[in-house]
Amino acid sequence: MVFPSSHAPAAGLVRRTLTGAAAAAVVLAAAACSPAGSIESADVPAWKATALPSAPGTVLEDSGKILNRDPIVRTAHSVPAGAYTLTMTCDGGGKAFIAVSLDGRPLAEAGAACNGSRETARFKVPAAGDVTLSTSSVDAPLIYAYHLAAG
């Protein structure tokens, strides 16, 4: 678009206004992608109720906040041999990982992108024993939830 020289100041104003509006649009779009509020103050039980409701046959479930890189470890005792499904979700950005072990021996690993989607992993527990799940992330802080269910 070419403006006569008498309109040159107006053309500069239009360009500056559009540039400012474009910048504001980018900021608003980025804010829309960010989780509401901070992870530190998130209401995990309320989030979990909709993000990952309980499932039948659950032998172990957990939810919480990962605020640093330290793993969060939970154990289910005397889990029978059989097929299991691990369903997990997380929010806050980055990824969360779960390492599954049986009586201290590695059994399976799973990960989820922390964008609110659910991920599942299926594996077999070859013999009855204590099943331990270690949840961690290098992308803290985030909130997570999982359940391990038979079937």
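Observations on the model:
- Chain lengthening between Glu40 and Thr75 when straightened (0.36 nm per residue, less Cα-Cα): 10.1 nm
- Pair-distance distribution P(r) for the stretch 39-132, from all Cα-Cα distances in 10 Å bins starting at 0: 14, 48, 31, 6, 0 percent.
- Whichever aspartates and glutamates have a C-alpha closer than 13 Å to that of Lys48, once near sequence neighbours (fewer than 8 apart) are set aside: Glu61, Asp62, Asp91
- Diagonalising the gyration tensor over the Cα atoms of the stretch 86-135 and scaling each eigenvalue by 5 before taking the square root yields semi-axes of 23, 10, 7 Å, largest first.
- When only alpha carbons of the stretch 57-103 are considered, Rg and Dmax amount to 12.4, 35 Å.
- Near Ser137: Cβ cut-off under 15 Å, other residues only, Lys/Arg at +1 and Asp/Glu at -1. The net charge is -4.
- For the stretch 61-67, 3J(HN,Hα) computed residue by residue from phi via the Karplus equation (6.51, -1.76, 1.60; θ = phi - 60°) reads 9, 7, 7, x, 10, 9, 9 Hz, glycine and proline entered as x.
- Positive-end extreme of charge dipole, the stretch 39-150 - chosen from Ala128, Tyr146, Val100 (charges on Cβ): Ala128
Since every read-out is calculated from the coordinates, none of them should be taken as a lab result. Keep in mind it's a predicted model, so treat the numbers as computed, not measured. Reconstructed Cβ throughout: ideal geometry from the backbone, glycine too, with neighbour counts over all protein chains shown.
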